[in-house]
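Just below is one structure, and these are the notes that go with it.
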Amino acid sequence: MRLDKFLKVSRLIKRRTVAAEACDAGRVSVNGQAAKAGKEIKVGDTIAISFGDKTVTVRVLALNETTKKEDADSMFEYI
């Protein structure tokens, strides 16, 4: 699954275009390396997202094409 789509489906970032812009600006890294929006991610990857002076780090637990809002947090765990 593409990184920008995962960020949108998991509700870490609200819109896919915003997720793509964050990736292209270098504010998202996968397994310690800067990642573009089209990077393929898999279960077990670690994603770090910089929001201003705050950084959120999560581990991918599941890759679902769609999910309900209540179940979105089951796709990742905070580290």
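The values are calculated or read from the model by the stated rules, or taken from the named source; none is laboratory data. Bear in mind that the values here come from a model prediction, so they are computed numbers and not experimental data. Backbone-built Cβ (ideal geometry, glycine too); neighbour counts: all protein chains shown. Note: accessible area is taken over every heavy atom of the protein model, side chains too, but ligands, DNA and RNA are not part of it. Shrake-Rupley method; radii C 1.70, N 1.55, O 1.52, S 1.80 Å.
Points worth noting:
Okay, residues lined up against (1) on the phi > 0 side of the Ramachandran plot; (2) in a helix (DSSP H, G or I); (3) of a type in the set (D, E, K, R):
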position: Phe6; (1), (2), (3): no, yes, no
position: Arg11; (1), (2), (3): yes, no, yes
position: Ala19; (1), (2), (3): no, yes, no
position: Ala22; (1), (2), (3): no, yes, no
position: Lys36; (1), (2), (3): no, no, yes
position: Gly44; (1), (2), (3): yes, no, no
position: Ala48; (1), (2), (3): no, no, no
position: Thr57; (1), (2), (3): no, no, no
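- Residue check, Leu3 in contact with a Cys (Cβ under 8 Å, 6 or more places away or on another chain), hydrophobic (A, V, I, L, M, F, W, C), more than 17 Å from Tyr78 (Cβ to Cβ) and in contact (Cβ under 8 Å) with a residue 40 or more places away in the chain: yes
- Single condition Thr66 does not satisfy, out of (1) within 15 Å of Arg2 (Cβ to Cβ); (2) modelled with pLDDT of 95 or more: (2)
- Residue list for segment 1-50, restricted to those being open to solvent by less than 70 Å² (accessible area, probe 1.4 Å) and of a type outside the set (A, V, I, L, M, F, W, C): Asp4, Lys5, Ser10, Gly26, Ser29, Gly38, Gly44, Asp45, Thr46, Ser50
- Of note, Gly26 does not satisfy the criterion of being touching an Asp or Glu at 6+ places or on another chain (Cβ under 8 Å) and part of a loop (DSSP other than H, G, I, E, B).
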